Amino acid sequence: MSVSDLARRLAERAEAVCRVYLSRGRRQGAWWCVGDVLNHPGRSLYVRLTGDRAGKWTDASTGEHGDLLDLIALNRGRDPVSARDEARVFLALPQVFQRHQSLASGSFDAARRLFRQGQPVAGTLAEAYLRGRGITGRLDLPALRFHPALWYRPHPDAPRQSWPALL
């Protein structure tokens, strides 16, 4: 998938992107407003949520601007390649796993990477599960994620199975 296709798909979900990466902001009409790309409170950064300019953002105090891929890179302090990887995770697209180094099973780094691969709970099987259990509160918490296919083995000699998971 090209960078422009990735940016376009993020723009189609501009409000969801903002709710995750700019959670201290809020929607104001066709815009999401927040302090800056690092998610500080305020109103100088605004992201267009609808129309042919959806996903484009500008910070009025610094003059910075770009698309949602740029915003993810700046927000997470990542290089462009890592920002594309994170965008693929957010959009639940296949990852390019040959780039990643192998991490020890059970390590903190492996757990962090797994959590980053999760996506927001809204609209997923995890939301249906939690609602079915009678949980009616907000589910857009940063500590709650969903992964559509994690590997599982009931015992070391069993074949691997893929299951959805609430993280």
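The values are calculated or read from the model by the stated rules, or taken from the named source; none is laboratory data. Quick caveat: nothing in here was measured; it's all calculated off a predicted structure. Because the Cβ atoms are built from the backbone with ideal geometry, glycine has one as well, and the counts that use them run over all protein chains shown. Note: areas computed on protein heavy atoms with side chains; ligands, DNA, RNA excluded. Shrake-Rupley method; radii C 1.70, N 1.55, O 1.52, S 1.80 Å.
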Subject >> Condition check for Arg113: closer than 25 Å to His40 by Cα, assigned to a loop (DSSP other than H, G, I, E, B), open to solvent by less than 90 Å² (accessible area, probe 1.4 Å) and at pLDDT below 85 >> reply: no
Original post:
Can you find a residue in the stretch 10-23 that is open to solvent by 70 Å² or more (accessible area, probe 1.4 Å), among the acidic types (Asp, Glu) and in a helix (DSSP H, G or I)?
Top reply: yes
Subject >> Pairs with Cβ under 8 Å, 6+ apart, first in the stretch 29-57 and in contact (Cβ under 8 Å) with a residue 40 or more places away in the chain and open to solvent by less than 20 Å² (accessible area, probe 1.4 Å), second in a loop (DSSP other than H, G, I, E, B) and not basic (Lys, Arg) >> reply: Gly55/Asp67
Subject >> Where a residue in the stretch 143-165 is open to solvent by 70 Å² or more (accessible area, probe 1.4 Å) and its partner, wherever it lies, is among the small types (Gly, Ala, Ser) and in a loop (DSSP other than H, G, I, E, B), with Cβ under 9 Å and at least six apart >> reply: Tyr152/Ala158
Subject >> Residue count for the stretch 133-167, restricted to those that are farther than 27 Å from Arg76 by Cα and part of a loop (DSSP other than H, G, I, E, B) >> reply: 13
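Given the options Arg9, Arg13, Arg24, Arg19, name the one that is touching a His at 6+ places or on another chain (Cβ under 9 Å) and closer than 24 Å to Val121 by Cβ.
Arg24 is the lone residue from the list that is touching a His at 6+ places or on another chain (Cβ under 9 Å) and closer than 24 Å to Val121 by Cβ.
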Original post:
So Val81 clears everything in (1) surrounded by 14 or more Cβ atoms within 10 Å (Cβ to Cβ); (2) in a helix (DSSP H, G or I) except one condition, right? Which one?
Top reply: (1)
